[in-house]
1. Take Ser110 and tell me if it is on the phi < 0 side of the Ramachandran plot, open to solvent by 30 Å² or more (accessible area, probe 1.4 Å) and among the small types (Gly, Ala, Ser).
2. Does at least one position in the stretch 285-303 carry a residue that is modelled with pLDDT of 90 or more, open to solvent by 50 Å² or more (accessible area, probe 1.4 Å) and over 24 Å from Ser171 (Cβ atoms)?
3. Taking the stretch 133-163 only, how many residues are part of a loop (DSSP other than H, G, I, E, B) and open to solvent by 40 Å² or more (accessible area, probe 1.4 Å)?
4. Can you find a residue that is charged (D, E, K, R) and at pLDDT 85 or above anywhere in the stretch 304-319?
5. Within the group Phe166, Phe180, Phe176, which residue is at pLDDT 90 or above, among the aromatic types (Phe, Trp, Tyr) and crowded, with 21+ Cβ neighbours inside 10 Å?
6. So, Ser324, is that one open to solvent by 30 Å² or more (accessible area, probe 1.4 Å) and not β-branched (Val, Ile, Thr) or not?
7. What are the residue pairs meeting all of these: first residue in the stretch 119-133, first residue among the basic types (Lys, Arg), second residue modelled with pLDDT of 85 or more and buried (at least 17 other Cβ atoms within 10 Å of the Cβ), Cβ atoms under 9 Å, and 6 or more apart or on different chains?
Amino acid sequence: MIYYDPSVEKCKVKTEYITNSLAIEKLKREDFTVGDEWKQGKVIVPMFLYDFPQARCNDPCLPGYRKGPTGGIHVCCYRCVACFDGEISNKTDSEMCHKCPDDQWPDERSCILKAYDYLSYETNIIALAYYVISILCSAITVYILTLFILLRDTPIVKANNRNVSFILLTSILLSFLCVFLFLGRPVDITCMLRQMSFGILFSIAVSSILAKTITVCIAFKASKPSSYWRKWVGEKISNSVVIICSSVQVLICVIWLSVSPPYQEYDMHSYPGKIIIQCNEGSVIGFYSMLGYTGLLVAVSFIIAFLARTLPDSFNEAKYITFSMLVFCSVWIAMIPAYLSTRGKYMVAVEIFAILASSAGLLGCIFFPKCYIIIIKSERNYRKYIFDKVKT
C-alpha cells in the first residue's frame, strides 16, 4: 500500500494486510480508492502503479521529456512534459530540459550539428537548372554578338547603332554569367560582387536601350531638311547617354560599398535543424537605391520608346524596345512580392529567375528579329532593299 505522509511531504510504501473480504472485492473492481480506506493519512492504490526502492504514480519520463507538476496533493506524482524545440533531456525522469547551442539541434538524446543550407548546383535541382539555362543563354548571346561583329558593315547592323548594340549584347552576356555569383556557398566577396555586378550590368543594358531609343527619335527628326537635330545625329550622343546613366549607378554602388557593404551571415532560426548561409545586403537604402535607379531607367526607356513606336519602319526599332521594356517591367514587378515573401536559398532562386527572364527578354525582343532577317531573310540586309522600301 502507498500512503502520503503530510509531515514529510513524501510518498512512502507500507505493507498492510487486508482481511476484510468486502474491501478486497472493492480493490479488485477499482483502480483507486479514497473514502472508507482513507485512514490516518493513508490512501490505498493498486500495486501495479509503483516499482525496487521508490514508489511512483505514473510511468517514468523517457529522454526527450521532463518531469512536470500535476497540481495534486501528492508531490511524488508528476506528468511528463515534452521538451521544447531545440531542447533535449538525455536521461530518464529528467528534472529539466537543456537547450542546444545555436549551431546544434536535438537528436533524441544528444545535440548534433545543424546542416548548412544554401543554393548549390551540386545538390539542388533548381540551381542545376539555372546553371544549364545560364550557360545556354550565354552561348546564344555569344553567337549573336559574333554574328553582329562579322556583319557590322551590313545595313541592319549599322542602322541600329552598332556600337551601342555591341555594348548591349556584352552587358546581357555578363548578366547571364553573373548568375554564377548567386550559386554556391556565399562568402563576403561574392555577396558584394553579386548585387553590384547585377545592378551595374543592368544599368548599362538599360542605358544602351535608352540610347537606342533616343537615337531613333533624333534620326527621325533629323531626316527633315534644315532640322536643328541634324547636329545631334551620330554616335556621340548615344555614347554619352550610356556613360552618364551607367556612371550614376556605379556611384550609387560605390557609396553603398563604402557605407555598409553586403556580407555573409548565418540564419540559425528560420528553419529547424538548418543553418541558412545567406548574404545580408548591408545598407537597405543602398540596395533599394540601386534597384530604384534601374527601375527609373527602365521607365524612361519605356515611355520614350512607346511614344516613338509609330515612326516609319526604317527607323522603328522603338517597337521592339517597347515590348522588351514591357517584358522587363513585368518580370521585376512580379518578382518583388515573391522575393519579399521567401527566405534563404528560395529568395536567391527568385532573384536569379528574374535576372535570367529579364535578360532573355531583352535579348529576344531586340535581337531575335534582326537575327531573323540576317539569317533567314538575308536578301533584306542590303542597301538597295532598304532604299527601295524607303521610296515606297
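The values are calculated or read from the model by the stated rules, or taken from the named source; none is laboratory data. Being a predicted model, the structure only gives us computed values, none of them experimental. A quick note on method: Cβ atoms are made from the backbone with ideal geometry, for glycine too, and the neighbour counts reach across all protein chains shown. Keep in mind that these areas ignore ligands, DNA and RNA; they rest on the heavy atoms of the full protein, side chains included. Shrake-Rupley method; radii C 1.70, N 1.55, O 1.52, S 1.80 Å.
1. Yes.
2. Yes, that holds for at least one residue.
3. Looking only at that region, the number is 3.
4. no
5. None of the others qualify; the one that does is Phe176.
6. So Ser324 does not fit the description; no.
7. Matching pairs, first to second residue: none at all.
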